[in-house]
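What follows is a single structure, written as structure tokens, with notes after it.
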Amino acid sequence: MAAAADHQSVQLGHVRAVIWDLDGTLYEDTHHFDYYADRLAEALPPERRQAFHEAYRLARDGGHALRVGTVYDTVRDRILTVQGGAVVEVRTWAGEVLAPEVWREDYPAPVAVDHQRLYNVGDFWWLCAACAAHFGLSQEQTLAAFLATREYMTKPEFRLSPVPGLAETLAALRRAGIVQVLATNSPRPDSETLLEKLGLAGAFDLCFFETYKPAGMARVLAALAEKYGIPATAVLSVGDNYLNDLDPIARAGGQTIFIDPHGAGSQGPCTCRVQRVADVVSLLQPDALLR
């Protein structure tokens, strides 16, 4: 696991825009993933459901080779550890470490994570999807379960816990002239409902839904440059999915804060690594931007 960078290594005085992910970044709740897993299990043949639930619970709780921070090969049913774009370890679903000569030619660097054959298991959404793929669900079935879960999250009975101080921090940063950007891969309607539940409706200067990160992050950077004249080097990206949220910004010369509640360690360089969204709130107080 990569060591966390010291908080003071973030050069806040150079920041002119902050890009925020939504799920896992603007809230810390995780109870909806069990609902998602239940919807996936319902789409499986009855004889596979118990094994699916057991694998999901093990992976969720850190007892499986599949974990947040890995990459899942849906074709070869392998679990990859990737660092700096290169595969450094490969395991079977059962956790057996394969010798490099077995897999080296299969994964030329840089690894092209495409969410088709290779799943970036950067959060619990993709952990659930990888489990579903292993047990034979199609991408269409997995998407249907995902959309059902997102719809469930918009219902009044689904509760989210706002992160204390986050809304106030976003407002203070905007008053200080720091552009606030939302960039999520989730659909717009349910994402807007989640923002309302979190007290963050209207908190952003720019919003990008179905961004298709990581590739779609280029569109976000282009918009910042065109509308505000802000270069990538003056951008800070905050997220919990390293390859989606942070890698494009790090490669462009910007700064990054990696929220790593699972202790996965980053898959590449990040300016700062924290455990909770609350840690980000403490880092981004406006007075720190003047130091």
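Only the coordinates and a few stated rules stand behind these numbers; no lab work does. On a predicted model such as this, the values are computed, not experimentally measured, just so you know. In this analysis, Cβ positions are derived from the backbone assuming ideal geometry, glycine residues included, and neighbour counts consider all displayed protein chains.
Averaging over every viewing direction, what projected area does the convex hull of the Cα atoms of the stretch 207-269 cover, in nm²?
If I average the Cα hull's projected area over directions, I get 4.2 nm².
Let me test this: with uniform point scatterers at the alpha carbons of the chain, what is the Debye-based log₁₀ I(q)/I(0) at q = 0.14 1/Å? The Debye formula, applied to the Cα set alone, gives -1.04. For the chain, DSSP calls about 45 percent of its internal beta bridges antiparallel.
Rounded to the nearest angstrom and ordered from largest down, what semi-axes does the equivalent ellipsoid of the stretch 93-210 get from its C-alpha gyration tensor (root of 5λ)?
35, 20, 13
When each of MET153, MET217 is scored by the number of other beta-carbon atoms lying within 10 Å, the sequence from fewest to most is MET153, MET217.
Sequence neighbours fewer than 8 away in the same chain don't count; with that in mind, list the lysines whose C-alpha is under 20 Å from LYS155. Partners found: LYS197. Pair-distance distribution P(r) for the stretch 32-153, from all Cα-Cα distances in 5 Å bins starting at 0: 2, 12, 23, 24, 19, 11, 7, 3, 0, 0 percent.
Under 1.5 on a/c is rounded, so check that first for the stretch 175-291, then, if it is not, pick prolate when a/b is larger than b/c and oblate when it is not; a ≥ b ≥ c are the square roots of the alpha carbon gyration tensor eigenvalues. Rounded shape, in that the Cα axes give a/c under 1.5. Computed extension length for TRP93-GLN50: 13.8 nm, one decimal, from 0.36 nm per residue of separation with the Cα-Cα distance subtracted.
Could you tell me whether the stretch 142-234 comes out rounded, prolate or oblate from its Cα gyration tensor? Rule is a ≥ b ≥ c as square roots of the eigenvalues, rounded for a/c under 1.5, then prolate if a/b exceeds b/c, otherwise oblate. Oblate. At full extension, TYR228 and GLN285 could sit 18.3 nm farther apart than now, given 0.36 nm per residue minus the alpha carbon distance.
Selection among CYS128, ALA112, ALA51 by position relative to the dipole of the chain gives ALA112 as farthest towards the positive end (Cβ unit charges, Cα centre). Extending 7 Å from the Cα toward the beta-carbon at both ALA171 and TRP103 defines two label points whose distance is 4.9 nm.
If only the Cβ of Lys and Arg carry +1 and only the Cβ of Asp and Glu carry -1, the dipole of the stretch 32-153 around its Cα centre is close to 100 debye. Computed about its Cα centre, the charge dipole of the chain is approximately 500 debye, with only Lys, Arg, Asp and Glu carrying charge at their Cβ. When the label point is put 7 Å from the Cα of TYR212 along its Cα-to-beta-carbon vector, which residues of the stretch 116-143 have a backbone N closer than 19 Å? Hits in the stretch 116-143 for TYR212 at 19 Å: 116-120, 139-140, 143.
On the basis of the beta-carbon distance and an R0 of 30 Å, ASP34 and GLN116 show a calculated FRET efficiency of 0.70.
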